[in-house]
Amino acid sequence: MTRALITGATAGIGHGFADELARRGRDLVLVARDAERLASVSRDLESRHGVRVETLVADLSSRDGMQTVADRLASAEAPVDLLVNNAGSGLPDWFGTTDVAAEERQLDLLVRAPLVLMDAALKSMTPRQNGAIINVASLAAFTPRGTYSASKAYLVNLSQWADLQYSPGGVRVMALCPGFVRTEFHERGQMDMSGIKPWMWLSVESVVHDALADLERGRAVSIPARRYKILAAFARHAPAPIVARQARRGRE
Ligand SMILES: NC(=O)c1ccc[n+]([C@@H]2O[C@H](COP(=O)([O-])OP(=O)(O)OC[C@H]3O[C@@H](n4cnc5c(N)ncnc54)[C@H](OP(=O)(O)O)[C@@H]3O)[C@@H](O)[C@H]2O)c1
């Protein structure tokens with residue numbers, strides 16, 4: 001694999017993927033909204049790792065933004081063989097109390113954008129019989145926890161099916177389901193994280209490391225860190241009201 005396209009690549013988990021993949025010699029296509037920050041991240045990665053970095057300024061909660069990135073994925077020139085569907089954000093309040101227009105923008109960013117980009121990537125990768133897609137979901141996918149967890153559950157389910165469907169033809173699909181990761185996510189969403197114990201926080205580096213190792217192992221779902229594998233097993237099998245009560249802490 002030679003070229004990766006990463007959405008939300010200027011901060012947090014997306015930036016971690018960009019840094020590690022560049023370190024491994026991959027050329028990159030980076031996507032985010034803030035053009036200045038994109039240019040600065042791109043210069044830094046090029047100078048530190050000697051790879052080629054393209055940038056695309058796109059708001060992935062808009063149709064135009066999705067189309068810009070889908071067009072790049074469909075291009076046969078300098079094809080992309082790894083898509084990391086990562087861009088995301090959260091809302092500070094529970095569904096039913098939020099502005100429904102904000103919920104719809106979230107749905108577009110967390111569900112419609114990965115769907116549209118996966119479609120473009122699969123159509124480009126399957127004829128080449130080569131490629132991989134990482135959909136950044138969340139451990140929240142396994143808990144009843146409002147619209148955020150519902151969006152992430154959609155991604156996990158679709159990824160599991162897509163991996164079964166397309167991996168025999170050489171295209172892998174994996175959902176990445178981290179617990180709490182130290183990034184800009186919670187501050188941007190104005191979330192109160194004071195109830196989260198220190199042991200629950202993961203580093204971006206460890207999440208990216210585990211995700212790439214799980215992709216190489218052929219996993220369809222990656223849950224970084226043993227403690228979160230145990231929590232995910234609990235969430236899958238315990239009664240929904242108990243899981244929902246535990247999951248109310250924090251906003252992930
Ligand atoms: N942090 C956690 O605890 C955690 C846990 C589980 C899963 N996740 C998931 O991991 C993914 C990355 O989150 P993170 O924690 O790394 O967040 P982050 O640190 O806030 O970074 C978000 C990145 O996405 C970009 N972005 C945000 N909205 C966008 C939009 N509308 N269009 C295009 N790009 C956009 C941001 O750049 P611009 O603002 O310039 O666009 C930035 O590069 C998300 O899908 C999140 O749901 C996070």
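The values are calculated or read from the model by the stated rules, or taken from the named source; none is laboratory data. Bear in mind that the values here come from a model prediction, so they are computed numbers and not experimental data. Please note: Cβ atoms are built from the backbone with ideal geometry, for glycine as well, and neighbour counts cover all protein chains shown. These accessible areas exclude ligands, DNA and RNA; they are computed on the full protein's heavy atoms, side chains included. Shrake-Rupley method; radii C 1.70, N 1.55, O 1.52, S 1.80 Å.
List of remarks:
- Eligible lysines near LYS152 by straight Cα distance, threshold 22 Å, same-chain separation 8 or greater: LYS229
- Region 69-159: radius of gyration over Cα atoms, expressed as a fraction of 2.2 N^0.38 Å: 1.21
- Across region 21-32, rounded Karplus estimates of 3J(HN,Hα) from the backbone phi angles (6.51 cos²θ - 1.76 cosθ + 1.60, θ = phi - 60°) give 5, 5, 4, 7, x, 7, 6, 9, 10, 10, 10, 6 Hz, Gly and Pro being marked x.
- Whole-number percent relative contact order across region 3-247, with pairs defined as alpha carbons under 8 Å at least 6 apart: 18 percent
- For the residues MET118, MET174, MET191, a GNM of the chain with alpha-carbon springs under 10 Å puts the largest fluctuation on MET191.
- Estimated vicinal HN-Hα couplings, Hz - region 104-118 in sequence order (Karplus 6.51, -1.76, 1.60; Gly, Pro = x): 5, 5, 4, 4, 4, 5, 8, 10, 5, 4, x, 4, 5, 6, 4
- Proximity of backbone amide H atoms, modeled 1.01 Å from N, is registered between VAL29 and ALA4, LEU5, ILE6, GLU54 at under 5 Å, excluding neighbours fewer than 5 places apart on the same chain.
- Protein heavy-atom accessible surface, 1.4 Å probe, per residue over the chain: 48 Å².
- Within the listed set GLY195, GLY65, GLY25, the residue fluctuating most in the Gaussian network model of the chain (springs between alpha-carbon atoms under 10 angstrom) is GLY195.
- Charge dipole of region 118-186 (Cα centre as origin; +1 on each Lys and Arg Cβ, -1 on each Asp and Glu Cβ, all else neutral): 40 debye, rounded to the nearest 20.
- Furthest towards positive pole of dipole, ASN157, VAL136, VAL29, structure part region 3-247, Cβ charges: ASN157
- A dipole drawn for the chain from +1 and -1 charges on Cβ atoms has a positive end, and of THR98, THR126, PRO224 the residue lying farthest that way is PRO224.
- Derived from the Cα gyration tensor, the three semi-axes of the equivalent ellipsoid of region 1-137 are 25, 18, 12 Å, largest first.
- Percent RCO, i.e. relative contact order, over region 105-252, from Cα pairs under 8 Å lying at least 6 residues apart: 27 percent
- Ordering HIS209, ASN85, ALA233 by the projection of their Cα atoms onto the charge dipole of region 3-247, which places +1 on the Cβ of Lys and Arg and -1 on the Cβ of Asp and Glu, puts ALA233 at the extreme positive end.
- Computed over neighbours whose Cβ is under 10 Å from that of SER61, the net charge equals +1, Lys and Arg +1, Asp and Glu -1.
- Annotation: region 119-181 has a Kirkwood hydrodynamic radius of 12.2 angstrom, from the mean reciprocal C-alpha pair distance.
- Surface composition of the chain: carbon and sulfur atoms hold 51% of the protein heavy-atom accessible area at a 1.4 Å probe.
- Counting all C-alpha pairs of region 118-252, share separated by more than 22 Å (%): 39 percent
- √(5λ) per eigenvalue of the Cα gyration tensor, the chain, largest first, Å: 28, 20, 18
- Ellipticity at 222 nm from helices only: DSSP H runs of n ≥ 4 in the chain, each -39500 (n - 2.57), divided by the residue count, give -15000 deg cm²/dmol.
- Residue of THR98, THR68, THR143 that the Gaussian network model of the chain assigns the largest fluctuation, springs spanning Cα pairs under 10 Å: THR98
- Rounded to the nearest 20 debye, dipole of region 3-247 from Cβ charges on Lys, Arg, Asp, Glu: 840 debye
- Cut-off under 5 Å, modelled amide H: who pairs with LEU176 long-range: ASN135, VAL136, ALA137, SER222
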